[in-house]
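The values are calculated or read from the model by the stated rules, or taken from the named source; none is laboratory data. Because the structure is a prediction, the values reported are computed rather than measured. Quick reminder, even Gly has a Cβ in these numbers, built from the backbone with ideal geometry, and neighbours come from all protein chains shown.
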Amino acid sequence: MSKVPSPYPDESDGYWMHYHDEDSQRLADAIIAYAVDRVRMDPPPLDEPKSLSVLQREVGETITAEGLGALKALEIFTEQLAPSCISVDHPLFLSFVPGAPTESSVLFDLVVAASNIYGGSWLEGAGAVYAENQALQWMIDLAGLPSSAGGVFVSGGTAGNLSALIAARWAWRQRERGAADRIRPIILASGGAHSSVGLAANAMDADLVSVPVDAVNRLTAAAIRRVHLGLSVDDQRRVCAVVATAGTTNLGVIDELDAIGDFAREHNIWFHVDGAYGAAALCAKSVRHLFVGIEKVDSFIVDPHKWLFGPYDCCALVYRDVRIGKAAHTQKAEYLDVLIQDAATQIDEAYNPADLAHHLTRRVRGLPFWFSLATHGTEAYEEAMEITLQVARDAADMVRASDYLEFVVEPSLSILVVRRLGWSPDDYTQWSDRMLHDGIAFVVPTTHKGETVLRMCLVNPRTDPAQMQMLFDSMRG
Ligand SMILES: *Cc1c(COP(=O)(O)O)cnc(C)c1O
């Protein structure tokens, strides 16, 4: 290794960690080659996790006083660590909510990493924030929100829900003009709401009041009205937000957004829609009608890292009135004052992304999604969304055509929840383990009303109906 001479003569070896030499050029070539190969794998190997003891034995200690050298460390990653991680973009990774980032979004993520832009303030990241905001604007327009709307990309749906609900609490306390400053807020949500809503309530020391769902697992305005009426007058005044879900994680159900929006307006309660998974489908004309009412929200979230073909980690958090997000979240500190002055006096309408959520430093994590959207155009997104929806419909027809499978709930977006007649919980687990171990598919069971069933979530346009048929056939035996 050729070393750059150190400005300090007694460092006889020289200091090279921040300097470029022929070794780092070789590393750059190896990394670009690996990244390009990885993003082009179609399909990538599914891979599977290894136990801690196996990793300890096979990988061992990687942090040493002298360092391993870049090529050795890279080899450990490519040969041992990466294959011990399941590939979320495998077309038969159907557990949880998978991801399927476009080639352009992943390659541009390398550029985002290399640029290391500070995305917390307009002062430091104006150009990047400008582009992120255009990507956000596409979703704001799809949802039909007014020009007062704006938002920020946060790490995920969990961070997005928390930040939105903190803004809801701020608005509620403003409205109560000091009378609620020491009172615990109440959040109304259904049992189908994502666990992160409960976590947010916990973090905020709010009471989460669970509203029962209807026969098709939807949260309805009628049920909310009943629960609200059952509260004491004092408790009714404590309600700061109602949370509906546009595509529940377990079942894919879209709540009764329109009527819930009316209820929230009527009672002056903040209306938040968690669309982390499902609101991506706002761009698909074939299902757009399912989202009617989303234009009434005070805030909503959607995760581009789920069904909008971007890499981790990325959640779009949108406020109907961006000023409320800002009032609720802006940090004040001597060393940050310059940012406030800058935004207020020099740059019209500009705001600091740091001010809109529970964070400060942030990666410009919306840029890979922006780059892909700018590259391909919105019509390509609509098409990719319609393709996934069509594969889900075709797969649903296969379930209906079989005599050993049936739906636990009728699918509405791209989540299929299926019962294999005659299977015990162990049968589901054994089939699931075998599929993963054989490198075929990653589909884990879930439970619904205490019953073990299979749940398949499709977000990858490369998932093929023939593969779905093969998967269903493997459950026959
Ligand atoms: C996935 C999901 C979340 C959590 O999002 P993360 O990005 O994993 O934090 C929240 N709500 C819904 C409806 C989800 O599907």
Inset, instruction - Inspect the range 276-294 for any residue being surrounded by fewer than 24 Cβ atoms within 10 Å (Cβ to Cβ) and within 12 Å of the ligand (Cβ to nearest atom) and give the result as yes or no. - result: no
Legend entry - Test for residue 144: is it touching a residue at least 60 places away in the same chain (Cβ under 8 Å) and within 16 Å of the ligand (Cβ to nearest atom): no
Legend entry - Test: residue in the range 273-291 that is of a type in the set (Asp, Glu), modelled with pLDDT of 95 or more, outside any strand (DSSP E or B) and in the same structural domain as residue 165 (by TED's automatic domain parsing): no
Legend entry - Close pairs (7 angstrom Cβ cut-off, 6 or more residues apart or separate chains): under 28 Å from residue 170 (Cα atoms) and polar (S, T, N, Q) in the range 290-318, modelled with pLDDT of 95 or more and away from the ligand (no atom under 14 Å from the Cβ) anywhere: 299/167; 299/318; 299/319; 299/320
Legend entry - Residue within the range 315-336 that is modelled with pLDDT of 95 or more, assigned by TED's automatic domain parsing to the domain that holds residue 174 and hydroxyl-bearing (Ser, Thr, Tyr) present: yes
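Each row is one residue, and each column tells you yes or no for (1) within 28 Å of the chain's Cα centre (by Cα); (2) of a type in the set (Val, Ile, Thr); (3) surrounded by fewer than 18 Cβ atoms within 10 Å (Cβ to Cβ).
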residue: 423; (1), (2), (3): no, no, no
residue: 428; (1), (2), (3): yes, no, no
residue: 439; (1), (2), (3): yes, no, yes
residue: 442; (1), (2), (3): yes, no, no
residue: 458; (1), (2), (3): yes, no, no
Inset, instruction - Only residues that are buried (at least 19 other Cβ atoms within 10 Å of the Cβ), out of contact with any His (no Cβ under 9 Å at 6 or more places or on another chain) and of a type in the set (S, T, N, Q): list them for the range 159-204, please. - result: 190, 196
Legend entry - Residue tally, condition within 16 Å of the ligand (Cβ to nearest atom) and either assigned to a loop (DSSP other than H, G, I, E, B) or not aliphatic (A, V, I, L, M) (or both), over the range 205-245: 6
Inset, instruction - Exactly one condition in (1) within 16 Å of the ligand (Cβ to nearest atom); (2) within 30 Å of residue 40 (Cα to Cα); (3) surrounded by 23 or more Cβ atoms within 10 Å (Cβ to Cβ) is not met by residue 155; state its number. - result: (3)
Legend entry - Residue among 273, 253 that alone is within 18 Å of residue 324 (Cα to Cα) and in contact (Cβ under 8 Å) with a residue 12 or more places away in the chain: 273
Legend entry - Sole residue being under 23 Å from residue 184 (Cα atoms) and not aromatic (Phe, Trp, Tyr), chosen from 253, 216, 209: 209
Legend entry - Every residue from the range 20-32 that is surrounded by 12 or more Cβ atoms within 10 Å (Cβ to Cβ) and not charged (D, E, K, R): 24, 27, 28, 30, 31, 32
